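*Asks:* Got a structure for you, questions after.
All of the numbers you see were taken from the coordinates with simple rules; none came from a lab. Nothing here was measured: the structure is a model prediction, and the numbers come from that model. Counting neighbours? That spans all protein chains shown, and the Cβs are built from the backbone with ideal geometry, glycine included.
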Number of protein chains: 2
Amino acid sequence: MKGFFQLISSADFLELFSRFSALDQETVPVTEALGRVPAGAGITAGEQLPPFSRSTMDGFAVRARDTFGCSESEPALLEIVGEIAMGSAGTAFTLKPGQAVRIWTGGELPKKGDGVVMVEYTHLMDEQTVEICRPVAPGENVIRAGEDFEPDSEILPEKRPLRPQDLGVLSGLGKTELTVHKQPRVGIISTGDELVPPDQPLGPGKIRDINSTTLAALVTEAGGIARCYGIIEDDLERMLAVCEAALQENDILLLSGGSSVGRRDFTLQVLEGLQGSELLAHGVAIRPGKPTLLAARGNRAVFGLPGHVASAMVVFYLFVRPLIRQFSGLGPTLGLQKITALTAEQIPSTIGREEYVRVSLKSGRENDPPLATPVYGRSGLLSPLVRADGLLVIGRDVKGLDKGARAGVLLFP
Amino acid sequence: MKGFFQLISSADFLELFSRFSALDQETVPVTEALGRVPAGAGITAGEQLPPFSRSTMDGFAVRARDTFGCSESEPALLEIVGEIAMGSAGTAFTLKPGQAVRIWTGGELPKKGDGVVMVEYTHLMDEQTVEICRPVAPGENVIRAGEDFEPDSEILPEKRPLRPQDLGVLSGLGKTELTVHKQPRVGIISTGDELVPPDQPLGPGKIRDINSTTLAALVTEAGGIARCYGIIEDDLERMLAVCEAALQENDILLLSGGSSVGRRDFTLQVLEGLQGSELLAHGVAIRPGKPTLLAARGNRAVFGLPGHVASAMVVFYLFVRPLIRQFSGLGPTLGLQKITALTAEQIPSTIGREEYVRVSLKSGRENDPPLATPVYGRSGLLSPLVRADGLLVIGRDVKGLDKGARAGVLLFP
């Protein structure tokens with residue numbers, strides 16, 4: 001039978017992504033790089049941060065040895081030779097033995113200065129003389145030049161989306177642009193003669209297209225750039241032409257339509273009919289989400305998603321999102337927070353396939369994980385998705401979970 | 001003493017936000033509403049979803065009672081009166097007793113039809129006759145009109161950012177625009193004669209402005225719109241003029257500068273010098289983050305943040321982010337995932353203030369929470385922030401945590 005495939009596991013499905021590689025690079029301003037993934041070799045600091053040794057306190061920069069042995073009862077007397085104003089060169093001063101200079105938090109240390117006495121442990125005798133009541137060790141109350149980053153140190157871990165503090169580091173090192181992987185472009189096509197766009201009136205037997213809006217938002221949430229191609233009627237020629245055009249303009253194509261056997265066959269025909277494409281998967285041993293299709297053409301991927309939006313969302317989170325992440329320069333990971341919960345009731349499941357049960361969560365007893373209650377409802381319904389907080393995972397070798405069992409829950413982002 | 005305040009707890013600090021209210025409303029396309037918060041009263045469906053009773057299977061729509069008592073050995077014989085093509089009016093058919101009509105998943109049921117027999121449980125005798133081998137109950141394999149949403153049902157919970165499935169529901173109900181709260185505009189001003197912009201060469205005693213980039217990204221991450229006003233020198237007149245202008249254009253103003261006593265006093269002078277502003281807080285009993293200032297003018301807020309970026313980030317996550325969320329139409333909540341972890345080592349802390357310890361997380365033993373290892377480093381350093389996964393919280397009445405203790409960790413988003 002043409003196109004006959006065995007159901008594969010979700011792990012095997014993700015294995016198929018090894019043929020895809022991260023997208024090309026582009027250069028973006030650091031101020032617009034939140035969430036992007038650096039490309040190429042690790043980024044090195046290139047210079048020291050901080051660029052000079054800085055005081056972490058308001059007080060007096062000293063030669064530490066001049067304070068050794070001093071105390072409240074036997075203070076050290078030092079000569080004040082000046083003040084290092086913020087943003088001025090501390091190295092304009094060179095401390096001789098017995099000398100101190102006023103300094104503020106963040107100020108550059110003077111030459112030969114190697115410690116800072118907090119102002120609280122000093123008494124001013126007159127404008128030229130200060131009593132030091134507590135000794136400092138060399139390096140005390142000082143961040144030394146390069147303590148944060150030395151010029152050859154790698155500043156960011158690989159394969160992690162950039163966070164605010166990462167951008168701060170780059171700014172601190174004078175980097176204003178950054179090479180990152182391009183964001184995956186994801187084309188979305190709905191099929192079905194029964195569909196009308198959300199802004200059109202409903203005719204008899206018609207329903208509005210829900211999947212395009214939902215999938216586009218899921219793409220945005222995952223870090224991709226969504227583009228909707230609207231609703232294409234059940235016409236193979238026309239569908240192939242639109243897919244061909246969309247595949248030129250996108251890295252991933254999502255086809256979603258109804259759940260009838262005819263519609264699934266139609267989607268399969270489309271995937272097999274695309275010039276140069278290779279069908280990689282035809283069915284996954286998960287519920288919901290079994291009738292998922294995957295094809296590749298070069299480094300581009302085409303998914304045939306289940307028709308019901310509840311099923312399509314599960315497939316999106318399990319497979320499309322990881323591929324968007326992989327194209328973005330990350331690993332093919334879910335990028336979803338997974339927590340442990342206790343089941344609030346018994347949950348049935350079938351051996352031989354992984355199940356993803358929509359659950360709502362509420363706080364458990366003190367020190368207990370939260371309680372997960374299934375939000376049942378047929379996969380054609382939307383309201384259970386609105387009430388759910390995430391997906392409880394039941395492994396393929398497990399026949400249901402008892403009430404009070406521990407289970408992993410993938411949280412919606 | 002003017003401006004003398006007692007340190008307040010973080011809970012009391014959040015209480016101060018009760019004077020601020022959510023921002024005005026604006027109308028946006030549903031396709032651009034991801035993460036936004038609906039404004040006004042709850043949104044009702046306005047129409048039924050689905051708009052008609054739909055089949056959830058491929059098969060035959062029947063009058064259920066015509067199938068009662070049938071079986072493989074004693075099938076019911078029904079007359080096939082036609083096919084309901086996808087997107088056509090099922091109600092064009094009215095089933096008489098003994099009649100059936102072909103239907104596909106998602107199709108509209110015919111009049112008088114109240115159940116669908118899956119094609120697997122039928123045998124075609126000829127073009128006009130079908131054998132039904134298994135009875136269906138009324139409503140079986142049917143989603144009835146309005147089963148998802150009735151016209152007067154509230155479709156979305158209040159005070160939750162819109163998720164992809166929420167936008168799907170709105171599309172399904174024909175709503176293409178939505179009234180949401182405006183996004184908070186957040187102005188960011190750095191102060192300090194020692195600062196230079198990231199794209200400028202460093203002079204002696206100068207460091208690059210790290211806080212502006214970091215805070216702007218934190219604002220974006222929290223759902224606000226950031227605008228940076230650059231670095232303003234230590235000049236009260238000039239600073240007041242810039243703040244006055246920025247306060248016209250923003251809902252929140254963030255001032256950050258050095259950590260010297262002089263700089264803190266300067267920020268306090270600015271907050272007190274703004275026409276019509278009221279100082280609400282001057283110090284919080286948290287570490288880091290103690291020297292935090294808050295002032296209000298009408299429904300606008302001005303924060304004086306600690307100078308070190310590591311401290312400023314903690315204050316941002318604990319206070320600025322909740323205020324952005326409140327202005328956005330949510331509660332003054334952190335909006336951060338909080339997990340339970342086990343401490344990988346003893347962690348000291350001081351009674352009388354909450355502590356927020358940067359930690360990195362790694363998986364614990366099977367069924368155990370993850371292990372949290374403190375990432376120590378002075379608050380002037382950035383590298384610990386880059387290595388940390390979140391903030392471990394130690395309550396104000398707790399004197400340190402033993403190794404292996406359970407503690408809550410706020411995850412960076």
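*Asks:* Which residue, B:354, B:79, B:177, tops the fluctuation ranking in a GNM of chain B built on C-alpha contacts under 10 Å?
*Replies:* B:79
*Asks:* Are any of the pairs A:159/A:182; A:338/B:399; A:338/B:362; A:362/B:159; B:362/B:399; A:362/A:403 more than 20 Å apart by Cα-Cα distance, and if so, which? Spell out each step's value before the answer.
*Replies:* On the way: A:159/A:182 14 Å; A:338/B:399 31 Å; A:338/B:362 14 Å; A:362/B:159 17 Å; B:362/B:399 25 Å; A:362/A:403 15 Å.
Those over the limit are A:338/B:399; B:362/B:399.
*Asks:* Okay, moving on. Put a label point 7 Å from Cα along the Cβ direction on residue A:269, then list its distances to the equivalent points in the other copies in nm, shortest first.
*Replies:* Spelled out, the distances from residue A:269's label point are 7.9 nm.
*Asks:* Long-range amide H contacts for residue B:185: which residues qualify at under 5 Å (H placed 1.01 Å from N, peptide plane, sequence gap of 5 or more or a different chain)?
*Replies:* B:225, B:251, B:252
*Asks:* Just going by the charge dipole of chain B, with Lys and Arg at +1 and Asp and Glu at -1 on Cβ, which of B:344, B:310, B:192 is farthest out on the positive end?
*Replies:* B:192
*Asks:* I would also like to ask the following. Helix-only mean residue ellipticity at 222 nm, chain B, DSSP H runs n ≥ 4 weighted -39,500 (n - 2.57), per residue, nearest 500. What is it?
*Replies:* Counting only the DSSP helices, I get -5000 deg cm²/dmol.
*Asks:* Can you tell which of A:276, A:87, A:380 shows the greatest fluctuation in a Gaussian network model of chain A with Cα springs below 10 Å?
*Replies:* A:87
*Asks:* Return the FRET efficiency for the residue pair residue B:272, residue A:405: r is the Cβ-Cβ distance, R0 is 56 Å, and the value is rounded to the nearest 0.05.
*Replies:* Calculated value: 0.45.
*Asks:* Principal axis lengths of the protein assembly as shown from Cα atoms, whole Å, largest first?
*Replies:* Rounded to whole Å, the extents work out to 113, 52, 47 Å.
*Asks:* Shifting gears a bit: Would you work out which of A:329, A:266, A:394 lies farthest towards the positive end of the dipole of chain A, given +1 charges on the beta-carbon of Lys and Arg and -1 on that of Asp and Glu, about the Cα centre?
*Replies:* A:266
*Asks:* Further question: Which distances, in nm and shortest first, link the residue A:89 label point to the same label point in every other copy, taking 7 Å along Cα→Cβ?
*Replies:* Spacings between copies for this position, smallest first, are 8.9 nm.
*Asks:* Separate question: Quick one: check the C-alpha center-to-center distance for the stretch B:277-304 versus the stretch B:334-393, whole angstrom.
*Replies:* 25 Å
*Asks:* List, in order, the whole-Hz ³J(HN,Hα) value for each residue of the stretch A:212-220 obtained from phi through the Karplus relation with A = 6.51, B = -1.76, C = 1.60 and θ = phi - 60°; use x for Gly and Pro.
*Replies:* Here the 3J(HN,Hα) series is 4, 4, 5, 5, 4, 5, 5, 5, 4 Hz.
*Asks:* Note the full-extension length gain between residue B:334 and residue B:378 as 0.36 nm times their separation in residues minus their Cα-Cα distance, in nm to one decimal.
*Replies:* 13.4 nm
*Asks:* Something else now. Net charge near residue A:48, counting Lys/Arg +1 and Asp/Glu -1 over other residues with Cβ under 13 Å of its Cβ?
*Replies:* Overall, the nearby charge balance is -3.
*Asks:* Let me ask something else. Going toward the positive end of the dipole of the stretch B:143-233, with +1 on Lys and Arg Cβ and -1 on Asp and Glu Cβ, which of B:215, B:204, B:225 do you reach last?
*Replies:* B:204
*Asks:* Follow-up. Counting only Cβ atoms, what residue of chain B lies nearest to the axis that sends chain B onto chain A, and how many whole Å off?
*Replies:* Whole-Å result, nearest residue of chain B to the axis: B:337, 3.
*Asks:* Quick one: dipole size for the protein assembly as shown, taken about the Cα centre, charges +1 on Lys/Arg Cβ and -1 on Asp/Glu Cβ, in debye to the nearest 20.
*Replies:* With only Lys, Arg, Asp and Glu charged at Cβ, the dipole is about 1060 debye.
*Asks:* Could you tally the net charge around residue A:131, taking each other residue with its Cβ under 12 Å from the Cβ of residue A:131, Lys/Arg +1 and Asp/Glu -1?
*Replies:* Once all neighbours under 12 Å are counted, the net charge is -3.
*Asks:* Next question, about the same structure. If you place +1 on the Cβ of every Lys and Arg, -1 on the Cβ of every Asp and Glu, and leave all else neutral, what size is the dipole of chain A about its Cα centre, to the nearest 20 Debye?
*Replies:* Dipole magnitude for chain A comes out near 1640 debye.
*Asks:* Please label the shape of the stretch A:234-360 as rounded, prolate or oblate, based on the square roots a ≥ b ≥ c of the eigenvalues of the alpha-carbon gyration tensor (a/c under 1.5 means rounded; beyond that, a/b larger than b/c means prolate, else oblate).
*Replies:* Here the stretch A:234-360 falls in the oblate category.
*Asks:* Within a Cβ distance under 9 Å of residue A:86, other residues only, what is the Lys/Arg minus Asp/Glu net charge?
*Replies:* -2
*Asks:* Answer rounded, prolate or oblate for the stretch B:338-411, using the Cα gyration tensor with square roots of eigenvalues a ≥ b ≥ c: rounded when a/c is under 1.5, else prolate when a/b is larger than b/c, else oblate.
*Replies:* In terms of gyration-tensor shape, oblate.
*Asks:* Among A:126, A:12, A:24, which one shows the highest mean-square fluctuation when chain A is modelled as a Gaussian network with alpha-carbon springs under 10 Å?
*Replies:* Its mean-square fluctuation being the largest, the pick is A:126.
*Asks:* Can you classify chain A as rounded, prolate or oblate using the Cα gyration tensor, where a ≥ b ≥ c are the square roots of its eigenvalues, rounded means a/c under 1.5, and otherwise it's prolate if a/b beats b/c and oblate if not?
*Replies:* Prolate shape, in that a/c is at least 1.5 and a/b is the bigger ratio.
*Asks:* If you plug each phi of the stretch B:133-139 into the Karplus form 6.51 cos²θ - 1.76 cosθ + 1.60 with θ = phi - 60°, what whole-Hz ³J(HN,Hα) values come out, in order, with x for Gly and Pro?
*Replies:* Coupling constants for the stretch B:133-139: 9, 8, x, 10, 7, x, x Hz.
*Asks:* Using a label position 7 Å from Cα in the Cα→Cβ direction, what is the ascending list of nm distances from residue A:69 to the same site in the other copies?
*Replies:* Taking the point 7 Å beyond Cα along Cα→Cβ, the inter-copy spacings are 11.5 nm.
*Asks:* At q = 0.14, 0.17, 0.25 Å⁻¹, what is the base-10 log of I(q)/I(0) for the stretch A:54-143 according to the Debye formula with one equal point scatterer per Cα and no solvent? Please give it to two decimals.
*Replies:* -0.37, -0.56, -1.28
*Asks:* Could you work out how far apart the two model spin labels at residue B:129 and residue B:72 are, taking each label as a point 7 Å from the Cα in the direction of the beta carbon, and quote it in nm?
*Replies:* 2.2 nm
*Asks:* Out of residues 5 or more away from residue A:156 or on other chains, whose amide H comes under 5 Å of its own, with H placed 1.01 Å from N in the peptide plane?
*Replies:* For residue A:156, the qualifying residues are A:43.
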